[in-house]
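Derivation of every value follows stated rules applied to the coordinates shown; laboratory data play no part. None of these values were measured; they are calculated from a predicted model. Here Cβ is always computed from backbone atoms with ideal geometry, including for glycine, and neighbour counts include all displayed protein chains.
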Amino acid sequence: MKFSALFTAAATIASLGAAAAQEALRFGTVDVSPSVIKPEQNFTVHYNSTRAVHHPKYYDSYIQGFLPNGFVLPQYLLSRNDYGPDETNHYFTTSLPADFPYIENATWLVWAQVTYPIDNTPDAALEYGGTSAAVSLDLEGFSS
């Protein structure tokens, strides 16, 4: 019985890794540095489309929180951009303002939402999707 539970856990972890790799192949990757964000302090977001199947026409970055009870907070826009035909990496630096809804027990993701032509031709219908990176908020000493 223990072996079965361990095997199931290992298979679940492997499938999560496979899903993340599949997202990266479809939409690219996003990284945040530092991954622990403090209110009103700068952090850098890097979107990389070199592995993406479809080249984005637009790239938007959002931060979104998820509460333990299942409530999903709205997505808050960090950056909106046209994505050049030869662009493969996009970096920007930003910070979260004092009036951002800092919630201690939420888990947070920074999303790269990309809009792209479905068949990589300029006049094709547009589709969107995204990939994300987990971040933490350090609220020590902060009161909103």
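Taking R0 as 22 Å, what's the FRET efficiency between residue 105 and residue 40 from their Cβ-Cβ distance, rounded to 0.05?
After rounding, the FRET efficiency stands at 0.60.
Under 15 Å from the 7 Å Cα→Cβ point of residue 64, by amide nitrogen: which residues of the range 84-118?
Only 107-115 fall inside the zone, counting backbone N under 15 Å.
Give me the number: length gained by fully extending residue 139 to residue 88, i.e. 0.36 nm times residue separation minus the C-alpha to C-alpha distance, one decimal in nm.
15.0 nm
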